[in-house]
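What follows is a short report on a single structure.
The values are calculated or read from the model by the stated rules, or taken from the named source; none is laboratory data. All of these numbers come straight from a predicted model, not from anything done at the bench. Note that each Cβ is placed from the backbone with ideal geometry, even for glycine, and that neighbours are counted across all protein chains shown. Side chains included, ligands, DNA and RNA excluded: accessible areas come from the protein's heavy atoms. Shrake-Rupley method; radii C 1.70, N 1.55, O 1.52, S 1.80 Å.
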Amino acid sequence: MERQDAVERIAIHAAFGLHIVAKWMSERSDVQPELKERLATHLMAIDSGLQALGRSGVHAEFETTENTLHPR
């Protein structure tokens, strides 16, 4: 496995791990709105980075969680 591919795989797994935590937090009423907003911002940034790498397979799921964290 090439080094760049390994780094991308780690990034994808880390991003999805954060997404799972953010999704759980988005559904909780005891999480501060400011924290939810910050999580949404981080997910958007990670999603943009993954798309730039051509790894957009989780885009729809990330976007759904972002919208739950930070309704527009």
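Kindly indicate the residue of the range 15-72 that is small (Gly, Ala, Ser) and in contact (Cβ under 8 Å) with a residue 24 or more places away in the chain and also most open to solvent (accessible area, probe 1.4 Å) among those meeting that condition.
Gly49
Give me the residue from the range 1-30 that is in a loop (DSSP other than H, G, I, E, B) and at pLDDT 85 or above and, out of that set, nearest to Ala45 (Cα to Cα).
Across the range 1-30, the extreme among qualifying residues is Glu27.
Quick check on my filter: what residues within the range 18-69 are among the basic types (Lys, Arg) and out of contact with any Ser or Thr (no Cβ under 9 Å at 6 or more places or on another chain)?
First, pick out the residues of the range 18-69 that are among the basic types (Lys, Arg): 23, 28, 36, 38, 55.
Arg28, Arg38, Arg55 - these are the residues of the range 18-69 that are among the basic types (Lys, Arg) and out of contact with any Ser or Thr (no Cβ under 9 Å at 6 or more places or on another chain).
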